[in-house]
């Protein structure tokens, strides 16, 4: 019995030590986290100082008169945009090229149109350039009745309706 105790006791101690060594084994670990990843779309908006109003309106124009109408167009969105002007509809009852129209971006000095009143192609967009967010552009519409306008131009009229568009620029790739 004594021999059995001598053999069993060291075996039990060895088994217990082995269990403790296996149960308390160290394991290296590591982790990292990312905060919430997000995407927010930009906005495309504009303000027109004469929205839903005439740019100009004058009765009793006579030969040699010049009429200036102006408006301010602002990119109020968060995206840069390509802006354009469309003459939606127009009529010109004056003879020849006696009534002229010039449209100028007075902010940049660029000429948008210069020619006979109603000469823009109705429904066709005319590019006025890229406008960055928060930037305003001033446009002047100058209408002139020629000093040499004949008597046939008495009592005539001309009308035009305009629309301003803004379109996002081409998509880009962003690497972060």
Exercise. Does at least one position in segment 103-120 carry a residue that is assigned to a strand (DSSP E or B), crowded, with 18+ Cβ neighbours inside 10 Å, modelled with pLDDT of 95 or more and over 25 Å from the mean Cα position of the chain (by Cα)?
Worked result: no
For this session: Please enumerate the residues belonging to segment 46-86 that are under 18 Å from residue 113 (Cβ atoms), buried (at least 16 other Cβ atoms within 10 Å of the Cβ) and under 20 Å from the mean Cα position of the chain (by Cα).
Result: 48, 71, 73, 82, 83, 84, 85, 86
Seminar exercise, completed: Of the residues in segment 129-176, those that are surrounded by 16 or more Cβ atoms within 10 Å (Cβ to Cβ), in contact with a strand residue (DSSP E or B) (Cβ under 7 Å, 6 or more places away or on another chain) and closer than 30 Å to residue 95 by Cβ come to 139, 140, 141, 142, 143, 144, 145, 158, 160, 162
Exercise. Of (1) modelled with pLDDT under 95; (2) within 22 Å of the chain's Cα centre (by Cα); (3) under 21 Å from residue 54 (Cβ atoms), residue 170 satisfies all except one. Which?
Worked result: (3)
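The values are calculated or read from the model by the stated rules, or taken from the named source; none is laboratory data. Only a predicted model underlies this, so the values are computations on that prediction, with no experimental measurement involved. Backbone-built Cβ (ideal geometry, glycine too); neighbour counts: all protein chains shown.
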